[in-house]
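One structure is given below, encoded as structure tokens.
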Amino acid sequence: MGGPSDEAGVGGEDALAGLRRQAQHLIAELAGPVRRIRLRSGPAVLEVEWHPDEVTRPDLPAARSELAPAVVPAPGAPPAVIRPPVPGRAAVRAPIVGTFYRAPEPGARPFVAVGDLVRPGQPVAIVEAMKLMNEVTADRAGRVVAVLVEDGQPVEYDQPLVELDPA
């Protein structure tokens, strides 16, 4: 696994860490032994394959740090982040690793737009993880200054999604 100088860079390493967590959860929920798994999040791809002689216990697939997964940039993958957050501004952050959606369903009006006032507890987006829609809510009042992630893009845990100026 590479460092910040690799093509995928630090963001790729963060995406890979999120993919590892998702793989662990997914494998734990599956019935029977797993021989191969491939997950993609933006530029990062986690691919792990177990050979029959290496797998001695079917209940052991979660902790495989000795296997080095490859971080492969997805060809033509758009960046997940529109721009980084401005230091000092409040940000609504992703509560989970998943896919970011601005609206409750395709074609619907977004939860919030730049210039909108939000109050604590107000939904501002959805993050889908394993077919579950997780509502993302503002933890403070403020005016939406920027939406930092494109609709339909993968996000990491605690990634800034929406930037707020205090109201």
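Just so it is clear, none of the values below were taken in a lab; they were calculated from the coordinates. Model, not experiment: these values are computed from the prediction. With ideal geometry, Cβ positions are generated from the backbone for all residues, glycine too; neighbour counts draw on all protein chains shown.
A few points about this structure:
- Extended-chain gain in nm, criterion 0.36 nm per residue less alpha-carbon gap, Glu150 and His25: 42.4 nm
- Cα shape, the stretch 90-166, gyration tensor, a/c 1.5 rule: prolate
- The simple Förster model, with R0 at 30 Å and r as the Cβ-Cβ distance, assigns Leu132 and Arg89 a FRET efficiency of 0.55.
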